[in-house]
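Please read the structure below before turning to the comments.
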Amino acid sequence: MPTLREAATDLRRVLGTLAADFRHWMRPGARTTDEWEAVVSVLLAIAAAHLLGARNIGWAAFSGYMVMRSRFSESLLRGSLRVIGTGLGAVAAWLLAPWIVDSTVWLSLILGLVGWGTLYMALVGRRSYAWLFTGLTFALVLIDGMEFPREPLSAFAQSRFVEVFTGTLAAIAVSGLSAWTLRRHDTARTPMTAAHPPLWHRPAFLHAMQGGVAIALIPWFWRVAGVVELGQSSTTILAVMMVPLASLASGGTTSQKLMHRVIGCTAGGLIASAILLAVHPWPWVLLLAVAVGVAVGRHIESGSHGLNYVGTQFVLAFLVVLVPDSYDHADFRPGLERLAGILFGMLLLEPVRLVSRRIIALRKR
């Protein structure tokens, strides 16, 4: 584990690198076009989510951000896989919930097994994004049912699907319009698809097992400590454990993603909280702040400095906190609870990874 001095040094390096990158912010070009596309997609997703009565508007906004890509074909494929995975995960959770949601043992076991299996297939399968969102949504819906047992689980499942669908639809619409106008003469080639590994991949199997174990612990922590928004914890665990297969031998990529997620989420959450406290009576100012925050995060994400994941996590926390579920009664507490759930997922995952590495090291002796 890094010392406090090393962590401070790394943080100064990150801040210095990002400050240098922002010297050319908003300079006309493909990068700025991408930032504007992300902003419009997020704002459209927020408007659509309100019209359709989604519960978690911030999740719809983040879906609009993540699906939006520079090429329409990539946005369409990414969005389709996101919607398919979300639908499968929601339906599976809804069908299994009556038999397991009231039992900590069974809920823990099923969450762990499904998290393990879907993460493994996301690592080695051909439709990684669909597998990832099957596992994400399955865990989100069941954990919502665990935390709010008096509310019908079908409402949670429907809301999760509506949130992802509206965000995805907004991104595809903006991407298609941009491809027809701003990017009409874009001649950039689609990147080559990497070869997929064989279905059996032992390092991926062990890596996915760590994620499954961490998710399986969530019901036990909820019963003991009553931590809220643990669905965000499961999302954190699966997202951080999605790494290139070539990096699994060292584990360095996962540790780096955890550190970058901490930096990005902390910065995004603190800045969004300050803005929400200062200007929450004025919805239009909040929307303007959302636009600026999304542009900032996208600029970081699209840089060539190796800190791209910081930008993604900055936007995640920024939207989770700053986009209220209702502008009539804007409240920063739900967003901060969701942010706390994200950070708790990191705290839960790291000990599991440390113990797992220790066990593997002992077995090699």
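Structure notes:
- The residues in segment 222-253 that are crowded, with 21+ Cβ neighbours inside 10 Å and in a helix (DSSP H, G or I) can be counted, and the count is 10.
- When Gly87 is tested against the conditions (1) within 18 Å of Pro244 (Cα to Cα); (2) at pLDDT 95 or above, the lone failure is (1).
- Lone qualifier among Ala130, Ala139 - being open to solvent by less than 10 Å² (accessible area, probe 1.4 Å), among the aliphatic types (A, V, I, L, M) and either under 18 Å from Arg78 (Cα atoms) or modelled with pLDDT of 90 or more (or both): Ala139
- Ser103 meets each of the listed conditions (1) over 22 Å from the mean Cα position of the chain (by Cα); (2) open to solvent by less than 10 Å² (accessible area, probe 1.4 Å) apart from (2).
- Subset of segment 254-290 that is over 28 Å from Arg12 (Cβ atoms) and in contact (Cβ under 8 Å) with a residue 60 or more places away in the chain - its residue that is least open to solvent (accessible area, probe 1.4 Å): Val290
- Check on Ala60, of a type in the set (A, V, I, L, M) and open to solvent by 30 Å² or more (accessible area, probe 1.4 Å): no
Residue by residue, here is whether (1) at pLDDT 90 or above; (2) touching a Cys at 6+ places or on another chain (Cβ under 7 Å); (3) of a type in the set (A, V, I, L, M, F, W, C); (4) closer than 30 Å to Tyr120 by Cα holds:
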| residue | (1), (2), (3), (4) |
| --- | --- |
| Val292 | yes, no, yes, no |
| Ala295 | yes, no, yes, no |
| Thr312 | yes, no, no, yes |
| Leu322 | no, no, yes, no |
| Ser326 | no, no, no, no |
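- Qualifying residues in segment 147-171 (those that are crowded, with 22+ Cβ neighbours inside 10 Å and among the aliphatic types (A, V, I, L, M)) - the one farthest from Asn56 (Cα to Cα): Ala171
- Counted residues, segment 38-50 - those being in contact with a Ser or Thr (Cβ under 8 Å, 6 or more places away or on another chain) and open to solvent by 10 Å² or more (accessible area, probe 1.4 Å): 1
- Output for segment 94-108, where each listed residue is modelled with pLDDT of 95 or more and either of a type in the set (Gly, Ala, Ser) or touching a Cys at 6+ places or on another chain (Cβ under 6 Å) (or both): Ser108
- Of Arg55, Arg12, Arg23, Arg5, all but one fail to be modelled with pLDDT under 90, open to solvent by 50 Å² or more (accessible area, probe 1.4 Å) and not in a helix (DSSP H, G or I); the exception is Arg55.
- Test: residue in segment 328-339 that is at pLDDT 85 or above, open to solvent by less than 60 Å² (accessible area, probe 1.4 Å) and out of contact with any Gly (no Cβ under 7 Å at 6 or more places or on another chain): no
- Selection within segment 140-154 - in contact (Cβ under 8 Å) with a residue 40 or more places away in the chain, among the hydrophobic types (A, V, I, L, M, F, W, C) and farther than 14 Å from Val91 by Cβ: Ile143, Met146
- Checked against (1) more than 21 Å from the chain's Cα centre (by Cα); (2) over 22 Å from Ile237 (Cβ atoms), Phe148 meets all criteria but (2).
- Each residue in segment 67-89 was checked for being under 17 Å from the mean Cα position of the chain (by Cα) and among the aliphatic types (A, V, I, L, M), and 5 pass.
- Gly29 vs. criteria buried (at least 22 other Cβ atoms within 10 Å of the Cβ) and not charged (D, E, K, R): no
The values are calculated or read from the model by the stated rules, or taken from the named source; none is laboratory data. Remember, it's a predicted structure, so these values are computed and weren't measured experimentally. Reconstructed Cβ throughout: ideal geometry from the backbone, glycine too, with neighbour counts over all protein chains shown. Keep in mind that these areas ignore ligands, DNA and RNA; they rest on the heavy atoms of the full protein, side chains included. Shrake-Rupley method; radii C 1.70, N 1.55, O 1.52, S 1.80 Å.
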